[in-house]
Amino acid sequence: MAYSEKCRVGMIGAGNVAHRHARVLSGFADVEIVGVTDVVPTAAEALASTHGAPAFPDVATLLSLEPDAVYVCVPPFAHGHAEEAVLASGAAMFVEKPLGVDLTVPTRLAAEVARRGTLTAVGHHWRYLDVVRTAAQLLADHPVRLVNGVWWDKVPPVAWWIRSDRSGGPVVEQAAHVVDLARALVGPVTAVYAAGTGTPPPVPDADVDAATAATLIFSGGAVGTLSSACVLGWKQRAGLEIIADGLALFVGEDELVVRDGAGQERRIPGDPDAARVAVDRAFVDAIRGIGDDIRVPYAEALETHRVTCAIAESARTGQPVTLAAPAGPSVPAPRSGRAEFDGHDPRAVPVEGGSADG
């Protein structure tokens with residue numbers, strides 16, 4: 001792509017997360033949203049009109065515009081056909097997490113991504129938090145021994161979330177951010193053992209577990225736990241506690257809490273809105289050839305998805321699940337920023353706000 005050209009982006013899906021990405025992308029002077037499609041036409045029209053773009057009745061019509069990139073922001077159960085069409089078109093592809101309700105579709109898509117060599121990114125924006133980079137730097141000389149991940153929250157206000165065959169369950173859909181953070185900071189997970197309540201949250205027609213607890217074994221020797229609950233009316237806590245030699249951390253979207261050898265507590269504020277901008281900026285920069293900071297391509301996201309699906313399987317069957325070692329090295333959490341380039345920077349100021357993340 002020539003430096004002076006805009007990156008032409010299509011949107012598949014017009015829910016809350018798609019609105020957030022569109023708002024961020026519209027704040028970049030070198031991006032043009034060329035069209036939106038959704039199975040609910042009024043939703044597509046609402047998102048498209050907000051950003052001066054047309055709405056289209058289906059994916060094929062959107063792809064006929066030959067966009068440079070496509071964002072796939074669909075519910076977990078709807079992944080598959082959209083990605084296959086995007087891959088066949090030759091466009092770069094950004095997929096919102098989770099990749100699916102189980103491993104069937106994501107495994108097939110990952111093979112196709114690898115075969116085609118498609119540029120991809122997945123919306124694990126926590127990897128772009130400055131506090132995550134700081135945590136990684138602090139842990140570089142302190143072996144991790146114990147990890148405790150938590151996601152205690154409410155049931156999101158979307159009908160499909162409470163059905164396991166539609167969402168994959170709370171660990172797959174919601175706690176995936178924490179699992180991805182654990183993989184980024186501690187390393188690959190080799191085994192899990194989990195238990196669920198076997199009863200749903202107090203919401204009509206729900207069949208997902210109200211709470212899940214899991215034990216995780218990491219390849220480097222660390223052990224950990226993950227707990228998830230969706231019975232509150234608010235988000236109580238979401239993040240990762242890490243105990244390393246002489247160091248204790250809590251890493252969340254909003255802050256990093258550090259206790260070191262002196263026992264003094266330091267609190268470093270996080271900036272989730274900046275991370276939500278950064279994940280999109282990195283994708284666009286990679287397409288334009290002016291940056292190389294995609295931290296979670298599709299293959300890397302699949303490794304996180306394998307862990308969350310293993311936890312869900314173990315909770316369902318009551319049996320431990322062993323995971324194979326990743327085919328390649330994990331993409332590291334700390335990166336130094338975008339590549340330098342000469343000339344005028346076409347990027348605009350960061351976008352304000354941001355919706356609750358999916």
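Output yes when any residue across region 268-276 is more than 21 Å from residue 138 (Cα to Cα) and either small (Gly, Ala, Ser) or in contact with a Phe, Trp or Tyr (Cβ under 9 Å, 6 or more places away or on another chain) (or both), and no when none is. Yes.
Whether any residue in region 102-113 is without any contact (Cβ under 8 Å) to a residue 12 or more places away in the chain and of a type in the set (Ser, Thr, Tyr) is what I want to check. Yes, because at least one residue in region 102-113 is without any contact (Cβ under 8 Å) to a residue 12 or more places away in the chain and of a type in the set (Ser, Thr, Tyr).
Checking the structure you have, find out if any residue of region 31-48 is over 28 Å from residue 272 (Cβ atoms), in a helix (DSSP H, G or I), charged (D, E, K, R) and over 16 Å from the mean Cα position of the chain (by Cα). Yes, some residue in region 31-48 is over 28 Å from residue 272 (Cβ atoms), in a helix (DSSP H, G or I), charged (D, E, K, R) and over 16 Å from the mean Cα position of the chain (by Cα). Is there any pair linking a residue in region 56-71 that is closer than 8 Å to residue 35 by Cβ and modelled with pLDDT under 95 to one that is part of a strand (DSSP E or B) and β-branched (Val, Ile, Thr), with Cβ under 6 Å and at least six apart or on different chains, and which? Within 6 Å, no pair qualifies.
Taking region 201-220 only, how many residues are touching a residue at least 40 places away in the same chain (Cβ under 8 Å) and of a type outside the set (Phe, Trp, Tyr)? So that I can check it myself, show each step before the final result.
Applying the first criterion (touching a residue at least 40 places away in the same chain (Cβ under 8 Å)) to region 201-220 yields 201, 203, 205-209, 212, 214, 216, 218-220.
Filter once more, keeping what is of a type outside the set (Phe, Trp, Tyr): 201, 203, 205-209, 212, 214, 216, 219-220.
Adding up the residues that qualify gives 12.
Take the residues in region 255-278 that are free of Cβ contacts under 8 Å to residues at least 60 places away in the same chain and hydrophobic (A, V, I, L, M, F, W, C); name whichever of them is surrounded by the fewest Cβ atoms within 10 Å (Cβ to Cβ). Looking at residues that are free of Cβ contacts under 8 Å to residues at least 60 places away in the same chain and hydrophobic (A, V, I, L, M, F, W, C), I get 262.
Remark: residue 142 matches the filter, which requires a residue to be on the phi < 0 side of the Ramachandran plot and out of contact with any Ser or Thr (no Cβ under 8 Å at 6 or more places or on another chain). Looking at 307, 296, 284, 351, just one residue is at pLDDT below 95, of a type in the set (A, V, I, L, M) and within 23 Å of the chain's Cα centre (by Cα), and that residue is 351.
The residues on offer are 180, 153, 165, and the sole one that is within 23 Å of residue 17 (Cβ to Cβ) and touching a His at 6+ places or on another chain (Cβ under 8 Å) is 180.
Which is within 25 Å of residue 319 (Cβ to Cβ) and either surrounded by 13 or more Cβ atoms within 10 Å (Cβ to Cβ) or not polar (S, T, N, Q) (or both), of 252, 224?
224
Taken over region 19-40, the residue count meeting the criterion of being among the charged types (D, E, K, R) and over 17 Å from residue 96 (Cα atoms) is 2. The listed residues are 211, 175, 195, 229, and the only one of them that is among the hydrophobic types (A, V, I, L, M, F, W, C), touching a Cys at 6+ places or on another chain (Cβ under 9 Å), farther than 19 Å from residue 135 by Cα and modelled with pLDDT of 95 or more turns out to be 211.
Quick one: in region 179-209, of everything that is acidic (Asp, Glu) and touching an Asp or Glu at 6+ places or on another chain (Cβ under 9 Å), which residue is surrounded by the most Cβ atoms within 10 Å (Cβ to Cβ)?
My answer is 180.
The values are calculated or read from the model by the stated rules, or taken from the named source; none is laboratory data. Remember, it's a predicted structure, so these values are computed and weren't measured experimentally. Heads up, the Cβs are rebuilt from the backbone with ideal geometry, glycines too, and the neighbour counts pull from every protein chain shown.
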